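Worksheet: one structure, shown below.
The values are calculated or read from the model by the stated rules, or taken from the named source; none is laboratory data. Computed from a predicted structure; not experimentally measured. Here the Cβ is made from the backbone with ideal geometry for all residues, glycine too, and neighbour counts use every protein chain on show. All accessible areas refer to the heavy atoms of the entire protein, side chains included, with ligands and DNA or RNA removed. Shrake-Rupley method; radii C 1.70, N 1.55, O 1.52, S 1.80 Å.
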Amino acid sequence: MIKIYTTCIVGALSWCAVAQADTFFNAEINGVYPEGKYSVGTVELQYGYKDNDNKKSWYISGGPIATDTAFTDELEYTFGGFLGGAYRINDKTAVYGEIFGDTNETVIGKTGFTYSF
């Protein structure tokens, strides 16, 4: 049931985004090396929409992900996406948050702040 609601919400946000946001493409390669040994690597191809104004920004994207792990011989393919945004507190500081999810039922959230010098 949660998956159905998530799909509806993401779909609705995507539909709204088409009318009022800029599109982007992001190709990203990530590697994880705990204690100096290769563990996991991913290649992500994301297509999305983003919107900015002076105080806030948001984005939504999705695409295929290829994952390689040190303990398997084959790549694993999934589909994943991001939903994130930021709010500018002043000219130099902003807070942000991002949620990632994929078809392997992986969900990752992160939040933080940025300070511009």
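Assorted remarks:
- Among (1) at pLDDT below 95; (2) surrounded by 12 or more Cβ atoms within 10 Å (Cβ to Cβ), the one test that Gly63 misses: (1)
- Per the conditions (1) closer than 21 Å to Asn30 by Cα; (2) open to solvent by less than 90 Å² (accessible area, probe 1.4 Å); (3) part of a strand (DSSP E or B), the sole criterion not satisfied by Tyr77 is (2).
- Taking first residues from region 92-113 that are touching a residue at least 12 places away in the same chain (Cβ under 8 Å) and more than 16 Å from Ser57 (Cβ to Cβ) and partners that are open to solvent by 90 Å² or more (accessible area, probe 1.4 Å) and assigned to a strand (DSSP E or B), the Cβ contacts under 6 Å between residues at least 6 apart in sequence or on separate chains come to Phe100/Ile108; Gly101/Val107; Thr103/Phe79; Gly109/Ile99.
- Of all residues in region 80-117, those satisfying the criterion of being of a type in the set (D, E, K, R), farther than 19 Å from Tyr47 by Cα and open to solvent by less than 100 Å² (accessible area, probe 1.4 Å) are Arg88, Lys92.
- Residue pairs meeting the criteria (Cβ under 6 Å; at least 6 apart or on separate chains; first free of Cβ contacts under 8 Å to residues at least 60 places away in the same chain and in a strand (DSSP E or B), in region 49-63; second open to solvent by 70 Å² or more (accessible area, probe 1.4 Å) and of a type in the set (Val, Ile, Thr)): Tyr49/Thr23
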